[in-house]
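Notes to accompany the following structure.
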There are 2 protein chains.
Amino acid sequence: MKALAFTHDVPPQRVVFASGALARVADEAARLKFSRALVVATPGSGARLGQKVVDLLGVRAAGLHAQAVIHVPKAIADAGLQAARATNADGLVAVGGGSAIGLAKAIALQTGLPILAIPTTYSGSETTTIFGVTEDARKVTGRDIAVLPRTILYDPDLTLGLPAAVSAASGMNAIAHCVESFWAEGRTPVTLAMASESMRRFAKNLPAVVADGSDRAVRAECLVAAWLAGSVLSVSNGLQHKLAHVLGGLGLPHAEAHAIILPHVTRFNLQAAPEAKARLQNALGCDNPANALADMLQKFPIPQRLRDVGFDAAKSDFVAGEIAAASISAPRPASANDVRALLTAAY
Amino acid sequence: MKALAFTHDVPPQRVVFASGALARVADEAARLKFSRALVVATPGSGARLGQKVVDLLGVRAAGLHAQAVIHVPKAIADAGLQAARATNADGLVAVGGGSAIGLAKAIALQTGLPILAIPTTYSGSETTTIFGVTEDARKVTGRDIAVLPRTILYDPDLTLGLPAAVSAASGMNAIAHCVESFWAEGRTPVTLAMASESMRRFAKNLPAVVADGSDRAVRAECLVAAWLAGSVLSVSNGLQHKLAHVLGGLGLPHAEAHAIILPHVTRFNLQAAPEAKARLQNALGCDNPANALADMLQKFPIPQRLRDVGFDAAKSDFVAGEIAAASISAPRPASANDVRALLTAAY
């Protein structure tokens, strides 16, 4: 047995989780000493929820900025920064999925304003110090403690309207982060514990949520599982992550690509990771974790194969070359041939 | 299924864990900006280790104060405070078990000095905001964020010399906190994950450490498990904890009392806690967790029955009355009759 060695250095973050917790947003904003909070959301239904938050904040609200867009284009980030300055905001309340939280992070990076996040999806962005802004079709990402939300308010009622396909794809995306964290170089006993707990809850409750999205108790279980999965995001950067990233660069949808390749990447890596295999067997309650993940995917109303999401098989060599160049080593090296075989299986 | 609701609000703490990590103490002290650190330890062998830390700290050391005593008597706390002031210390480095860390906490409470803790036992005190000082044979405890060590340096090599009986008793003590956290009112998905992870590691490695205390890898596993168990200490305050506290007030040794009553309290409570039972079965890899804990205890070179640690059976009514007065409700109420039956079984 290899002796343990690790560093665990996690910044503080307050998490309030309850059905109906949205009603506590003013109290939590007060705890952060917000007196003029800018509410950040996406347009459309996001803006309606944003307005509700403004109303709940009452005198603590400085305004609503409902212009968040996926991948945080530079112009959108600049407009957000301007809105924060124009309203003289002393805090940010991000309500929505990864786009709203991503925009709030971009503003926080420039201003140092603290963020209170109210996530409505399973993206997990609210748990990380990772930010990203897209300019000239290139997403520049980085890490900064200033963008980590100080408080997360999870209200599972806000997820009741998530469509089954979105719940399934983003849930599988979160599971993918957990699986990969089991053999990540940067894993610690805490990330292992969090990922195990997340997978156990997802395995039990994600199929139930996809079957019936209106059950508050199972919605709560999945949102908790997404939070725990988010907390291991920062160590999940192996083959699964790299492959999803390269496929995303080719225009494939992120969560769906993660879901499709997950059983294949898992099958490939588990051969070299006996401890991870035991954990996955335990968390999923099965003998063959790769097959269990494939079965789970098969029952979900989302794309099953790379061909279903527009992957061009002629790009396999390009993808294989990109991955081989990344020199992934944990838990085993992935050669260009390995990647080609994997893409063929997933196609 | 009852819908989840909880608040998770954990302060920051840096944990550095590695065989030989003691050599990094000066770097970690520098990271905390200590320029005059007072090293706090117990007398005897604790003082020798304390002197080694002073030497490693070099110019960052203000001196060695090796006067820590179990339960932190008021006079000892006062002497520690005086030493910190006399040396003009700007930080505390506590090296040792619960006594050394407890004294550093008492000093931090009065001075606000940050603590760097180097634990050498499985007490878990380094992970909590709980402090205690004893005056007139009464221990006054409280919670204050000021006493939480900012950094913990875990070096499993420092635990190689822990006697088998001490490892066994303090390991069972830590397991008791985990078991109780499974049905604690204040449990969160994170405490559940940490406790599961801790028990899984203890179940596998504590018997190995008791059999051969010189194996560095299994020592590391047990120290990690103790850390994880410490992180759930703050929610573990049900029957197990109360009973051990009342027995401690009668003069019984703390860790040994915990170990002896654990299988009995577990058997009593599991009947009313099906989810906790499933978790324990999973973590211990067995069908009957109470029996598994009894088997573990039986193989350890520590007292097996309350009569072995000087419990006076005539005090059963007193103990039962104290517990009944505490009105414990989770996972089930414990009446005076229940407690008497439990004491008889453990006697």
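Tell me whether the stretch A:31-124 comes out rounded, prolate or oblate; compute the Cα gyration tensor, take square roots of the eigenvalues as a ≥ b ≥ c, and use a/c under 1.5 as the rounded threshold.
Working: a/c = 1.44, a/b = 1.12, b/c = 1.29.
It comes out rounded by the Cα gyration axes.
Report, by chain and number, residues whose modeled amide H sits under 5 Å from the one on A:Q67, excluding near sequence neighbours (fewer than 5 apart, same chain).
Here the answer is A:A41, since their amide H atoms fall under 5 Å of that of A:Q67.
Calculate the length of the line joining the C-alpha centroid of the stretch B:224-251 to that of the stretch A:294-323, in whole Å.
Answer, in whole Å: 51.
How far apart, in nm, are two points set 7 Å out from the Cα along the Cα-to-Cβ line at A:R85 and at B:S35?
Spacing of the two 7 Å Cα→Cβ label points: 3.8 nm.
Once you have a ≥ b ≥ c as the square roots of the Cα gyration tensor eigenvalues for the stretch B:256-347, tell me rounded if a/c is under 1.5, and otherwise prolate or oblate according to whether a/b is larger than b/c.
Values: a/c = 2.91, a/b = 1.19, b/c = 2.44.
The shape class here is oblate.
Per residue of the stretch B:32-42, in order, report the coupling 6.51 cos²θ - 1.76 cosθ + 1.60 (Karplus, θ = phi - 60°) as ³J(HN,Hα) in whole Hz, putting x for Gly and Pro.
8, 6, 6, 10, 9, 8, 8, 8, 10, 8, 8
Set the Förster distance to 22 Å, then compute FRET efficiency between B:T344 and B:Q271 from the Cβ-Cβ distance, nearest 0.05. Let's see the in-between values first.
Working: r = 18 Å, r/R0 = 0.81.
So the FRET efficiency works out to roughly 0.80.
How high is the relative contact order of the stretch B:47-202? Use alpha-carbon pairs under 8 Å, at least six apart in sequence, and give a whole percent. All intermediate terms of the calculation are to be shown ahead of the outcome.
On the way: 224 pairs, mean separation 26.9, N = 156.
Relative contact order, the stretch B:47-202: 17 percent.
What nm distance separates the two modelled labels at B:R216 and B:I70, each placed 7 Å from Cα along Cα→Cβ?
My value for the distance between the label points is 3.1 nm.
Taking θ = phi - 60°, what integer Hz values does the Karplus form 6.51 cos²θ - 1.76 cosθ + 1.60 yield along the stretch A:248-255, in sequence order, with x for Gly and Pro?
With the stated coefficients, the stretch A:248-255 comes to x, x, 8, x, 6, x, 4, 5 Hz.
Please report the antiparallel percentage of DSSP beta bridges with both residues in the protein assembly as shown, rounded to the nearest 5. Walk me through the numbers on the way to the answer.
Numbers: 24 of 64 bridges.
So the antiparallel bridges in the protein assembly as shown amount to around 40 percent.
Could you work out the relative contact order of chain A, using alpha carbon pairs under 8 angstrom and six or more residues apart, expressed as a whole percent?
Numbers: 651 pairs, mean separation 48.5, N = 347.
Once normalised by length, the contact order is 14 percent.
Rounded, prolate or oblate, given the Cα gyration tensor of the protein assembly as shown, with a/c below 1.5 counting as rounded?
Numbers: a/c = 1.66, a/b = 1.49, b/c = 1.12.
It is prolate, given that a/c is not under 1.5 and a/b is the larger ratio.
For A:D317, go 7 angstrom from Cα along the Cα-to-Cβ vector, then report the distances to that same point in the other copies in nm, smallest first.
9.2
Have a look at B:V209, B:I101, B:P303 and report the one farthest towards the positive end of the charge dipole of chain B, computed about the Cα centre with Cβ charges (Lys/Arg +1, Asp/Glu -1).
B:I101
Quick one: which bits of the stretch A:188-202 get at least 20 Å² less accessible when the partner protein chains are in, versus the chain alone, with a 1.4 Å probe?
Residues losing area: A:P189, A:V190, A:A193, A:M194, A:E197, A:R200, A:R201.
At q = 0.21 Å⁻¹, what is the base-10 log of I(q)/I(0) for the stretch A:155-255 according to the Debye formula with one equal point scatterer per Cα and no solvent? Please give it to two decimals.
Evaluating at q = 0.21 Å⁻¹ gives log10 I(q)/I(0) of -1.01.
Relative to the Cα centre, what is the charge dipole magnitude of chain B, using +1 at the beta carbon of each Lys and Arg, -1 at the beta carbon of each Asp and Glu, and rounding to the nearest 20 debye? Could you put the intermediate results ahead of the total?
Details: 32 positive and 27 negative charges, 66 e Å.
The dipole of chain B has a size of about 320 debye.
Tally the DSSP beta bridges in the stretch A:75-228 and give the antiparallel ones as a percent, rounded to 5. Provide the component values of the computation, followed by the final result.
On the way: 6 of 13 bridges.
Bridges in the stretch A:75-228 are about 45 percent antiparallel.
For the protein assembly as shown, with all protein chains present and a 1.4 Å probe, just round the carbon and sulfur fraction of the accessible area to a whole percent.
On the way: 13980 of 27280 Å².
Carbon and sulfur together cover 51 percent of it.
I'd like to know how the stretch A:229-279 sits against the 2.2 N^0.38 Å rule of thumb: what's its Cα Rg over that expected value?
Relative to the rule-of-thumb radius for its length, the stretch A:229-279 sits at 1.20.
Give me the distance between the Cα centres of the stretch A:1-47 and the stretch A:67-131, rounded to whole Å.
The stretch A:1-47 and the stretch A:67-131 have Cα centres separated by 12 Å.
Quick check for me: using +1 on Lys/Arg Cβ and -1 on Asp/Glu Cβ, what's the dipole size of the stretch B:191-347 about its Cα centre, in debye to the nearest 20? Could the numbers behind the result be given before it?
On the way: 15 positive and 13 negative charges, 32 e Å.
Roughly 160 debye, rounded to the nearest 20.
Please list, ordered by chain and number, the residues whose modelled amide H lies under 5 Å from the amide H of A:A326; skip anything fewer than 5 residues away on the same chain.
Excluding prolines and chain starts, which carry no amide H, there are no hits.
Less than 13 Å apart at the alpha-carbon level, and either on another chain or at least 8 residues along: which aspartates and glutamates does that give for A:K105?
Answer for A:K105, where 13 Å is the Cα cut-off: A:D78, A:E126, A:D144, listed by chain and number.
If you plug each phi of the stretch A:264-281 into the Karplus form 6.51 cos²θ - 1.76 cosθ + 1.60 with θ = phi - 60°, what whole-Hz ³J(HN,Hα) values come out, in order, with x for Gly and Pro?
With coefficients 6.51, -1.76 and 1.60, one gets 6, 5, 4, 4, 4, 7, 4, 4, 10, 9, x, 5, 4, 4, 4, 5, 5, 4 Hz.
Give the aspartates and glutamates reachable from A:K74 as a straight Cα distance under 16 Å; neighbours fewer than 8 places away on the same chain don't count.
Answer for A:K74, where 16 Å is the Cα cut-off: A:E135, A:D136, listed by chain and number.
Using amide H atoms built 1.01 Å from N in the peptide plane, name the residues 5+ places from B:G91, or on other chains, whose amide H lies under 5 Å from its own.
B:R36, B:L38
Could you tell me what percent of the DSSP beta bridges with both partners in chain A are antiparallel, to the nearest 5?
Numbers: 6 of 26 bridges.
Of the beta bridges lying entirely in chain A, close to 25 percent run antiparallel.
How large is Rg over Rh for the stretch A:45-93, taking Rg from the Cα atoms and Rh as the Kirkwood inverse mean of 1/r across Cα pairs? Please report the intermediate quantities before stating the final value.
Values: Rg = 11.2 Å, Rh = 11.5 Å.
Value, to two decimals: 0.97.
Any idea what log10 I(q)/I(0) is at q = 0.09, 0.12, 0.13, 0.14 Å⁻¹ for chain B, Debye with uniform C-alpha scatterers and no solvent?
Here log10 of I(q) over I(0) equals -0.48, -0.85, -0.99, -1.14.
Assume the label is 7 Å from Cα along Cα to beta carbon: what separations in nm does B:K33 have to the matching positions in the other copies?
1.7
Rg and Dmax in Å for the stretch A:164-206, alpha carbons only: what are they?
Considering the stretch A:164-206 through its Cα atoms, Rg and Dmax are 10.9, 34 Å.
Under a straight-distance cross-link criterion of Cα-Cα below 29 Å, which lysines are reachable from A:K204, leaving out those fewer than 8 residues away in the same chain?
Within the straight-line cut-off, A:K204 pairs with A:K242, A:K277, A:K299, B:K2, B:K204, B:K277.
The values are calculated or read from the model by the stated rules, or taken from the named source; none is laboratory data. Predicted model only: the values in this text are computed from it and were never measured. Note: ideal-geometry Cβ built from the backbone for every residue, glycine included; neighbour counts use all protein chains shown. The area values use the complete protein model at the heavy-atom level, side chains included, leaving out ligands, DNA and RNA. Shrake-Rupley method; radii C 1.70, N 1.55, O 1.52, S 1.80 Å.
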